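**Q** The structure follows.
The values are calculated or read from the model by the stated rules, or taken from the named source; none is laboratory data. All of these numbers come straight from a predicted model, not from anything done at the bench. So basically every Cβ, Gly included, is an ideal-geometry build from the backbone, and we count neighbours across all protein chains shown.
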Amino acid sequence: MPVRAETGAREHDAGNARNMRWNFAFFGGDIALFSLGLSISSSYTILPLFVAHLTRSNVAVALIPAIRALGLYGPQLLVAPLVERLRHALPFILLATILERVPYLVLAFGAIALAGGNAGALLALFFAMIFLALFAGGITYPAWLDMIARSIPRTWLGRFMGFWWGAGNVMGIGGAAIATVLLASVTWPLNFALCFAMTFAAMVISFVLLALGREPARVTHNPPAARLSMSAQAHEIAALVRQDGALRRLLIANGLVGMATMAGALYAVSAARLGGLSDPEVGAESTVLFVAMTVGSFAWGAIGDRFGHRATLHWGTACAGVAGLAALVAHGFLAYGVVFLALGLSISGVLLAGFTLITEFGPEERRPTYVALASVAYAPFVIGAPILGGFIANAWGYPPVFAVTALFATVAALMLRFWVPDPRMKTITSSERV
């Protein structure tokens, strides 16, 4: 019997190792191809430029990150209890993520059909499709991140995320270059329609790779609270926040990180309207952005696994402050290159830490709730900050927006460094948790 048990354990470990290598390739390939699709229709360059062709309103441009954030973060806490009761979440993910991809195909046809004399209708369609795509992403996100955390060992999670987001950004450099060529050589609106269509094509391939993954079963969470009303579940979540002091500090600091996204969508428009850059040059800055995101992804993943993912969030937030300060004095292609370089490092750092840091908080069976809670607490700030930035830009111009962004980023970085505990260090006392 001991021999059989030992043999069975070895076979089990070998199977886990094979599945880990398989999932590293296929779940990672999904990330890379999805990232490629997003790079072709970049929310920091291509989408703001598309809206700028339809309206002169800075508020409309600033609505892009706000609408994206509302869709992404809004539904997560509602679906987390469902995910905690699923032994396998991949079928649920595959069904919901269809709506994450199809809106880009709708936008491709809509741009051609409505751009001629229906700018208002095209603008409404644009925001509806962007919201739908991110709403579907919000529904799938807690389940997807929990699945990745179960499929990849914790000691490899940072490098996994960093490598594949980096690989996606390497392809994204090519995608951004393609978008630049389309903007320069194809007339409006066909140039943007082609960007949207190519985004959809990349996402179709990523869907196939995702479907081929091998999801390990999860430990389900089926307490009486699963059958309680929504208000009772809200009380349970509030109690969780009260009891976990480390989580509470992270949520507060993350709010300021969200405020530091205020200027994100305005850098490209500022470059075109005040910085002296043409549309193709703004498209070329998208390449700079993705080069920085690529280098950042590889570097942040290794830094997170070595020094903790809190360090990744800390330095990524600091880069957002550098971008804001650089934008205050930027004029011309090279100067804005510094802005987009810092922005790319910030995006990759904050994005990667958003995936990895929260997985180190709380018990495994409650991970979907922790993931959703972090996202929902972040949402009001990352939604409200760009809208506030748009109003400030309309009233007083772009420099005040850039200055306030730098201020929030600096404060958030200091809080992350000196106030938010690192869950790896295990130095939180029981009094801090109560």
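**Q** Can you tell me which residue within segment 74-88, out of those that are surrounded by fewer than 19 Cβ atoms within 10 Å (Cβ to Cβ) and part of a helix (DSSP H, G or I), is farthest from the chain's Cα centre (by Cα)?
**A** LEU82
**Q** If THR369 passes every condition in (1) of a type in the set (Ser, Thr, Tyr); (2) more than 20 Å from ASP146 (Cα to Cα); (3) at pLDDT below 85 but one, which one does it miss?
**A** Among (1) of a type in the set (Ser, Thr, Tyr); (2) more than 20 Å from ASP146 (Cα to Cα); (3) at pLDDT below 85, THR369 violates only (2).
**Q** Among GLY316, GLY324, GLY301, which is the only one that is at pLDDT below 80 and touching a Phe, Trp or Tyr at 6+ places or on another chain (Cβ under 9 Å)?
**A** Matching residue, one of GLY316, GLY324, GLY301: GLY301.
**Q** May I pose another question? Out of the residues in segment 392-427 meeting the condition of being within 13 Å of ALA265 (Cβ to Cβ) and aromatic (Phe, Trp, Tyr), tell me which one is surrounded by the most Cβ atoms within 10 Å (Cβ to Cβ).
**A** Of everything passing the filter in segment 392-427, PHE402 is surrounded by the most Cβ atoms within 10 Å (Cβ to Cβ).
**Q** How do the pairs read when you match residues in segment 199-220 that are in a helix (DSSP H, G or I) with residues anywhere that are surrounded by fewer than 16 Cβ atoms within 10 Å (Cβ to Cβ), using Cβ under 9 Å and keeping only pairs 6 or more apart or on different chains?
**A** PHE207/LEU94; PHE207/ILE98; LEU209/ALA25; LEU210/LEU94; ALA211/LEU94
**Q** Restricting attention to segment 184-197, which residues are in a helix (DSSP H, G or I) and out of contact with any Phe, Trp or Tyr (no Cβ under 8 Å at 6 or more places or on another chain)?
**A** ALA184, SER185, LEU190, ASN191, LEU194, CYS195, listed by residue number.
**Q** Counting just the residues of segment 304-313 that are of a type outside the set (D, E, K, R) and surrounded by fewer than 21 Cβ atoms within 10 Å (Cβ to Cβ), which one comes out modelled with the lowest pLDDT?
**A** GLY308
**Q** Have a look at GLY110, GLY120, GLY71, GLY137 and point out the one that is of a type outside the set (Ser, Thr, Tyr), closer than 30 Å to ILE392 by Cβ and touching a Phe, Trp or Tyr at 6+ places or on another chain (Cβ under 8 Å).
**A** GLY71
**Q** Which residue pairs have Cβ atoms under 6 Å apart, sit 6 or more places apart or on different chains, and have a first residue in segment 158-175 that is under 11 Å from SER297 (Cβ atoms) and a second that is assigned to a helix (DSSP H, G or I) and of a type in the set (Phe, Trp, Tyr)?
**A** Close Cβ pairs satisfying both conditions: MET161/PHE355; GLY162/PHE298; GLY162/TRP300; GLY166/PHE298; ASN169/PHE290; GLY172/PHE290.
**Q** Can we say ARG68 is closer than 30 Å to GLY384 by Cβ, modelled with pLDDT of 85 or more, surrounded by fewer than 22 Cβ atoms within 10 Å (Cβ to Cβ) and among the basic types (Lys, Arg)?
**A** So ARG68 does not fit the description; no.
**Q** Provide a single number: the residues in segment 89-103 that are surrounded by 19 or more Cβ atoms within 10 Å (Cβ to Cβ), over 17 Å from ALA149 (Cα atoms) and touching a residue at least 40 places away in the same chain (Cβ under 8 Å).
**A** Number of matching residues: 4.
**Q** When you scan segment 267-292, how many residues do you find that are surrounded by 20 or more Cβ atoms within 10 Å (Cβ to Cβ) and over 28 Å from THR55 (Cβ atoms)?
**A** 1
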